[in-house]
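For reference, the structure discussed in these notes is given below.
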Amino acid sequence: MSSNSILPFHEIVEAEGHLIDSHIMERIFDSVVECQGRFDVQEFHIGRTNADPSRLRLRVEAPSGELMNKMLVQLLGLGCTPVEGGDAEWKSAGKDCCAPEDFYSTTNHRTMVRHQGRWIDVDRQRMDAAIVLENGRASCRKLRDVKKGDAIVAGMRGIRVIPESKERDRLSFAFMSNGISSERQVETAVRQTAQLLRQAVQQGQRIVAVAGPVVIHTGGAKALGELIGGGWVHALLAGNALAVHDIESALLGTSLGVRTADGRLEDHGHRNHMRAINAVYHAGGIRQAVESGRLKTGVMYECVKKGIPFVLAGSLRDDGPLPDTVTDMNRAQDLYAEQLVGAGVVLCLGSMLHSIAVGNMSPSWVKIVCVDINPAVATKVSDRGTGQAIGVVTDVGLFLELLSRELGKR
């Protein structure tokens, strides 16, 4: 795009990556135009192999400083870094939980900051956080964890964002770029998900399952237990309800009072989940219920027997809750985030709120497969910033049964 007149505000920006495959380049151009700006491509190198990135150097112009700042914010999220940006600006937090007003709020993409003339990686990457410098290292920190005196990145200079690229190998994991569809063949999605899990294990990455009580209601407890027992799940994140109904099923043969064997309503079955909670309290906790022999099957049983960590986050509507349930929401968030460190794949299984929460905590290079009978769930997870989340619209119990069977072939 060119013009004889020169707009008063301008910058030179650069970007590198799979700019064409991921449609990033067209989004860069669109962002400039949306801000009433102009662009001039000064250099463009096309990557010719799957491993070879493309490189773009662009002069951008804007009619005002406000529009230029707006443009730079959008371009930064697309991986464009000002050439003459210099070091990042660090400002001190005036008091606890308060960042400078112009602090940089992070995305879930891999981020670097320039400090003392060199680029350093930002640790614990997640969206909606501040970047704090401590002992020469930069890391993401939630606003509630900011302390007075913390050095926090402000403004837009000295920051480099590296968006995740779409798979360039179009012959494998094609469903990873096909969005959310109820017409996708479940068996195909299961095979490709199984391959993702195998790759994660081979690469020493963790697999985290985020599960809602619908796993139990749809008969998926046995299959999820098999995945845990087979070493395909390295952490379980859930709410109080998943554990309550899993234990109710294991002890009393019902889930929400409905018999899991034939789907018929048990007489006075609505009380069974309270009996399950009471039994765990009598034992002293879930682990003690397993160790005493009171709890002999189910998802929670397999977690204890396999030594798999689990976090149960409480909510306002919980009955009981179980003694293992974490009712402090800040503490539950921290425990969830701890279990996501080192994750390569996250399986979200029929839990909208917990899936959205985990998506917000996960960096964009973690693959997220969201399984739910309702396509709106996967859409909501993706729309809230977790662009790497892929939806599989199907019955969760069926998906888990097929996945356990597929992984059990080897």
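For residue 95, the lysines whose Cα comes closer than 22 Å to its Cα, not counting residues fewer than 8 places off in the same chain, are 142, 147, 148. Between the stretch 215-294 and the stretch 32-47, the alpha-carbon centres lie 56 Å apart.
From Cα pairs below 8 angstrom and at least 6 apart in sequence, can you work out the relative contact order of the chain, rounded to a whole percent? Write down the numbers at each step before the final one.
Working: 858 pairs, mean separation 61.1, N = 410.
So the answer I get is 15 percent.
Shape summary of the stretch 1-84, radius of gyration then Dmax from alpha carbon positions: 12.6, 40 Å.
Could you tell me the ratio Rg/Rh of the stretch 193-296? Both radii from Cα atoms, Rh via Kirkwood.
1.03
Calculated on C-alpha atoms, the gyration radius of the stretch 344-395 divided by its Kirkwood radius gives an Rg/Rh of 0.91.
Run the helix sum for the chain: -39,500 (n - 2.57) per DSSP H stretch of 4+ residues, divided by residue count, reported at 222 nm to the nearest 500 deg cm²/dmol. The helix-only estimate for the chain comes to -10000 deg cm²/dmol at 222 nm. For residue 260, the residues whose amide H sits under 5 Å from its own are 254, 255, ignoring neighbours fewer than 5 places away on the same chain, with H placed 1.01 Å from N.
Ordering of 133-141, 361-369 by packing is 361-369, 133-141, highest average first (other Cβ atoms within 10 Å, averaged per residue). Of all DSSP bridge pairs formed entirely within the chain, close to 60 percent run antiparallel.
Panel order for 29, 103, by other beta carbons found within 10 Å of each beta carbon, from fewest to most: 29, 103.
For the chain, taking a cut-off of 4.7 Å between Cβ atoms, the unpaired cysteines are 35, 80, 97, 98, 140, 303.
How large is the Rg to Rh ratio of the chain when both quantities use alpha carbon positions and Rh follows Kirkwood? Using Cα coordinates only, the ratio equals 1.04.
Each value in this text was obtained by applying a stated rule to the coordinates, not by laboratory testing. Please read all numbers here as calculations on a predicted model, not as lab measurements. Reconstructed Cβ throughout: ideal geometry from the backbone, glycine too, with neighbour counts over all protein chains shown.
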